[in-house]
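**Student:** Pasting in a structure now, in structure tokens, and then I'll have a few things to ask.
The values are calculated or read from the model by the stated rules, or taken from the named source; none is laboratory data. Just so you know, these numbers come straight off a predicted model, no measurement behind them. When we count neighbours, we look across all protein chains shown, and the Cβ atoms used for this are built from the backbone with ideal geometry, even at glycine. The protein model used for the area step is the full one, side chains on, heavy atoms only, and it has no ligands, DNA or RNA in it. Shrake-Rupley method; radii C 1.70, N 1.55, O 1.52, S 1.80 Å.
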Amino acid sequence: MMNKRIVITILSFLIWSATSFGQNIIFNFPDTIVGPNQSISLGLSTRDFIDIGSVQFSINWDADIIEYVDFEELLIENVGVGDTEADAGILRFSWFSNTAEPISFPDESTLINLNFQVIGAVGDSTNIDITDEPLVIQVSQQQGDPGNYILIDLVQEKGKVKISSIGEVA
């Protein structure tokens with residue numbers, strides 16, 4: 001009887017651990033090939049956007065290759081994009097649910113578009129990175145009871161912009 005209780009306790013802990021730890025959200029920008037002097041729109045997509053209450057992070061790129069123009073909200077409203085350092089290739093992204101209810105989106109949903117002007121030369125490229133410099137990465141996800149939020153990990157899939165001659169652009 002005692003062994004059965006121990007096994008049940010261990011199994012309960014393992015099930016609780018699997019559902020409470022190791023959760024993350026994935027954000028990505030596309031890999032894009034463009035010609036010189038073109039305007040481009042890069043969509044910020046997500047997977048595992050489940051019961052999210054707030055998100056913040058920085059976006060970094062080489063400002064000698066592409067120049068930030070503006071952004072457009074697609075699925076979420078009240079997005080803050082701080083662009084005071086855009087000339088240096090730095091944006092600050094922040095969003096929170098203003099309804100006090102967490103939000104969920106299907107996988108591969110595009111939340112916003114960032115619009116850029118290509119200023120680099122053929123052969124140049126830049127990564128589009130989600131970082132914690134200067135704004136710390138934080139994602140809050142509701143757990144259990146309403147209003148109970150925990151911080152979860154953000155996993156990024158880097159995007160890249162490559163400048164090619166007109167014949168190479170897809």
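**Student:** Two decimals is fine: what is log10 I(q)/I(0) at q = 0.14, 0.17 Å⁻¹ for the range 57-153, from a Debye sum with one equal scatterer on every Cα and no solvent?
**Tutor:** At q = 0.14, 0.17 Å⁻¹ the computed log10 ratios are -0.62, -0.85.
**Student:** List residues of the range 38-69, by number, whose backbone nitrogen lies under 19 Å from a label position 7 Å along Cα→C-beta of ASN24.
**Tutor:** Backbone N within reach: 44-60.
**Student:** Considering amide H positions built from the backbone, and no H for Pro or chain starts, which residues 5 or more places from VAL155, or on another chain, come under 5 Å of its amide H?
**Tutor:** ILE25, ILE26, PHE27
**Student:** Sticking with the crude label model, points 7 Å out along Cα→Cβ, report the distance from ASN78 to LYS158 in nm, one decimal please.
**Tutor:** The answer from the label model is 3.4 nm.
**Student:** Of ILE26, ILE119, which has the most accessible area with a 1.4 Å probe, and how do the rest follow in descending order?
**Tutor:** Of ILE26, ILE119, the descending order of accessible area is ILE119, ILE26.
**Student:** Estimate the FRET efficiency between VAL136 and SER41 by the formula 1/(1 + (r/R0)^6), using the beta-carbon distance for r and 30 Å for R0, to the nearest 0.05.
**Tutor:** 0.65
**Student:** Can you compute 3J(HN,Hα) from phi for each residue in the range 44-57, using the Karplus curve 6.51 cos²θ - 1.76 cosθ + 1.60 with θ = phi - 60°, rounded to whole Hz and x for Gly and Pro?
**Tutor:** Karplus-based 3J(HN,Hα) across the range 44-57 equals 8, 9, 9, 9, 6, 7, 10, 6, 8, x, 7, 8, 8, 5 Hz.
**Student:** Want the number for VAL69 to ILE50: 0.36 nm per residue separation, take away the alpha-carbon distance, what's left?
**Tutor:** Details: separation 19, 0.36 × 19 = 6.84 nm, distance 3.00 nm.
Length gained, VAL69 through ILE50: 3.8 nm.
**Student:** Considering only protein heavy atoms, with the full assembly of protein chains and a 1.4 angstrom probe, order LEU111, LEU75 by accessible area, largest first. Don't jump to the answer; show the numbers that get you there.
**Tutor:** Numbers: LEU111 0, LEU75 85 Å².
Solvent-accessible surface, decreasing: LEU75, LEU111.
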